[in-house]
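Visitor: Sharing a structure with you now.
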Amino acid sequence: MKYRLLIIGVVAGFALGGCKKKGAEGAGGGAGGFATPAIVVEAKRQSVSETLSLVATLAANEMVEIKSETDGTVEKILFEEGAAVKAGDLLIQLDESKFAAAVAEAEANFKLSKLTFERNQQLYRDKLISQQEFDQAAAMFDANRASLDLKKRQWEDTRIHAPFNGVVGARNVSPGQVISRAMGMGGTASTLTWLVDLDPVKVEIPVPERFLGQLKVGQTLELTVAAFPGEKFKGEVYFIGPQVDAATRTALVKAKIANASRKLKPGMFANLDLTLKLKEQAIVIPESATIASGDRTIVYVVGADDTAQIRTVKLGVRLAGNVEVIDGLKEGERIVAEGIQKVRPGGKVKAAEAGMGERGSGGMGTAATNGTAQAQ
């Protein structure tokens, strides 16, 4: 009986010791423990652009209301609504018969005053007329010459030409209609049609003053419009306003966008991304690898011995699924991207490699902000 009790005690002791050892090995993280499986990726370099998301209004490169500078009757309309025209093309022809007659009368008066002036000039040299008579003849000559020039200009005004290349809008007159320089409301000439230059179009952007220090002429932007939701249009800043609006605390910034297809129209509302900064060689990691810890951000860095260590990092702009690291990491260092909850400082990690291209953008990252730079 004593021998049986001794054997049972020894067996129980071995069993208990084995359970403790197995329990110690089951506690992950410590040196000599089992490795915690986690997805590990390398910190990589890629181009990152920091952008500002804003709203803007499209405007024509050039736009003018076509009006008549003189009274008259519309004789011919020489354009089609919506057609492209070139600078100098004749758009509207008014009845010119009255103006031609006025020019003929002015020419006759001018010729007579010219002859009178030349005759009096010779008489004055010969001292046969007084200074006053000569001055009167000279004044009449100058007045008739000016009257002739005015009548010719009024005759030319019966032909209304396109001032620049563009697209003609809807017409508001018909042949035979009598128009006047003061036929519109408020005594102003009414609009006969419009002429719009659509290529390029201008983008007018009110930019908050806190971002003005990051803007410069030549910066690129990208915009979308509701009419073409799947299409992006690219442009370039060419003007930054010299003053800030005291009411809105914004400055007017303008850009130009090529519009050969004429898809973009003046007055359209646009959402745009304005590139503030471009970093060609930024360190980028998956955003899921970061852990907020109080006022700092940490990541788990996996060393050459597959041991995880805590590292404090400083983040920059946030991208689609990724984030820029300004300080704390070097290119090629391995970090835990998934499975962070199971990893412990000093614990072994069984790395499961995963390319960052599967988790975020593989090309240039873009950080879009709405009035605030998303950098930490």
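The values are calculated or read from the model by the stated rules, or taken from the named source; none is laboratory data. On a predicted model such as this, the values are computed, not experimentally measured, just so you know. Every residue, glycine as well, gets a Cβ built from its backbone with ideal geometry; the counts of neighbours run over all protein chains shown.
Visitor: I'd like the full set of residues that are part of a strand (DSSP E or B) and among the hydroxyl-bearing types (Ser, Thr, Tyr), limited to region 51-99.
Guide: Thr51, Ser53, Thr57, Thr73 - these are the residues of region 51-99 that are part of a strand (DSSP E or B) and among the hydroxyl-bearing types (Ser, Thr, Tyr).
Visitor: Continuing with this model, one more query. So if I check each of Ala102, Ala170, Ala108, Ala137, which one is loosely packed, with under 15 Cβ neighbours inside 10 Å, hydrophobic (A, V, I, L, M, F, W, C), in a helix (DSSP H, G or I) and at pLDDT 90 or above?
Guide: Values: Ala102 fails: loosely packed, with under 15 Cβ neighbours inside 10 Å; Ala170 fails: in a helix (DSSP H, G or I); Ala137 fails: loosely packed, with under 15 Cβ neighbours inside 10 Å.
Exactly one residue qualifies, and that residue is Ala108.
Visitor: When you look at Phe117, is it of a type in the set (Phe, Trp, Tyr) and not assigned by TED's automatic domain parsing to the domain that holds Asn144, yes or no?
Guide: The answer is no for Phe117.
Visitor: Just to be sure, is Thr51 modelled with pLDDT of 90 or more and either within 30 Å of Ala320 (Cα to Cα) or touching a helix residue (DSSP H, G or I) at 6+ places or on another chain (Cβ under 8 Å) (or both)? Walk me through how you get there before you give the answer.
Guide: On the way: modelled with pLDDT of 90 or more: no; either within 30 Å of Ala320 (Cα to Cα) or touching a helix residue (DSSP H, G or I) at 6+ places or on another chain (Cβ under 8 Å) (or both): yes.
No: the conditions fail for Thr51.
Visitor: Conditions first: (1) closer than 30 Å to His161 by Cα; (2) modelled with pLDDT of 90 or more; (3) surrounded by 14 or more Cβ atoms within 10 Å (Cβ to Cβ); (4) among the small types (Gly, Ala, Ser). Gly88 passes all but one, so which condition is the exception?
Guide: The failed condition is (3).
Visitor: Which condition breaks for Arg296 when tested against (1) exposed (fewer than 14 other Cβ atoms within 10 Å of the Cβ); (2) in contact with a Pro (Cβ under 9 Å, 6 or more places away or on another chain); (3) basic (Lys, Arg)?
Guide: It fails just one condition, (2).
Visitor: Within region 279-340, considering only strands (runs of 3 or more DSSP E) that don't extend past its boundaries, which have at least 2 residues that are touching a Ser or Thr at 6+ places or on another chain (Cβ under 7 Å) and touching a residue at least 40 places away in the same chain (Cβ under 8 Å)?
Guide: 334-338
Visitor: Counting only residues that are part of a strand (DSSP E or B) and farther than 28 Å from Val168 by Cβ, which one in region 237-252 is nearest to the chain's Cα centre (by Cα)? Explain how you work it out, then say what you get.
Guide: Here is the first cut: in region 237-252, the residues part of a strand (DSSP E or B) are 237-240, 245, 250-252.
After this cut, where a residue has to be farther than 28 Å from Val168 by Cβ as well, the list is 237, 240, 245, 250-252.
Numbers: Val237: 7, Ile240: 12, Asp245: 20, Thr250: 16, Ala251: 14, Leu252: 12 Å.
Out of the qualifying residues, it is Val237.
Visitor: Among what's in region 65-104 and is without any contact (Cβ under 8 Å) to a residue 60 or more places away in the chain and touching a helix residue (DSSP H, G or I) at 6+ places or on another chain (Cβ under 8 Å), pick the residue that is nearest to Leu198 (Cα to Cα). Don't jump to the end; show me each part of the working.
Guide: Of region 65-104, the ones without any contact (Cβ under 8 Å) to a residue 60 or more places away in the chain are 78, 97-104.
Narrowing the set further to residues that are touching a helix residue (DSSP H, G or I) at 6+ places or on another chain (Cβ under 8 Å) leaves 99-100, 102-103.
On the way: Phe99: 35, Ala100: 37, Ala102: 40, Val103: 39 Å.
Among those that are without any contact (Cβ under 8 Å) to a residue 60 or more places away in the chain and touching a helix residue (DSSP H, G or I) at 6+ places or on another chain (Cβ under 8 Å), it is Phe99.
Visitor: Any residue in region 347-359 that is more than 39 Å from the chain's Cα centre (by Cα), modelled with pLDDT of 85 or more, loosely packed, with under 12 Cβ neighbours inside 10 Å and not in a strand (DSSP E or B)?
Guide: no
Visitor: Take the conditions assigned to a strand (DSSP E or B), of a type in the set (A, V, I, L, M, F, W, C) and more than 28 Å from Phe164 (Cα to Cα) and apply them to Ala255. Does it pass?
Guide: no
Visitor: Determine if region 194-210 includes at least one residue that is surrounded by 18 or more Cβ atoms within 10 Å (Cβ to Cβ), among the hydrophobic types (A, V, I, L, M, F, W, C), part of a loop (DSSP other than H, G, I, E, B) and modelled with pLDDT of 85 or more.
Guide: No, region 194-210 has no match at all.
Visitor: Specify the residue that is farthest from Arg334 (Cα to Cα); the eligible residues are those in region 258-285 that are surrounded by 21 or more Cβ atoms within 10 Å (Cβ to Cβ) and at pLDDT 90 or above.
Guide: Leu264
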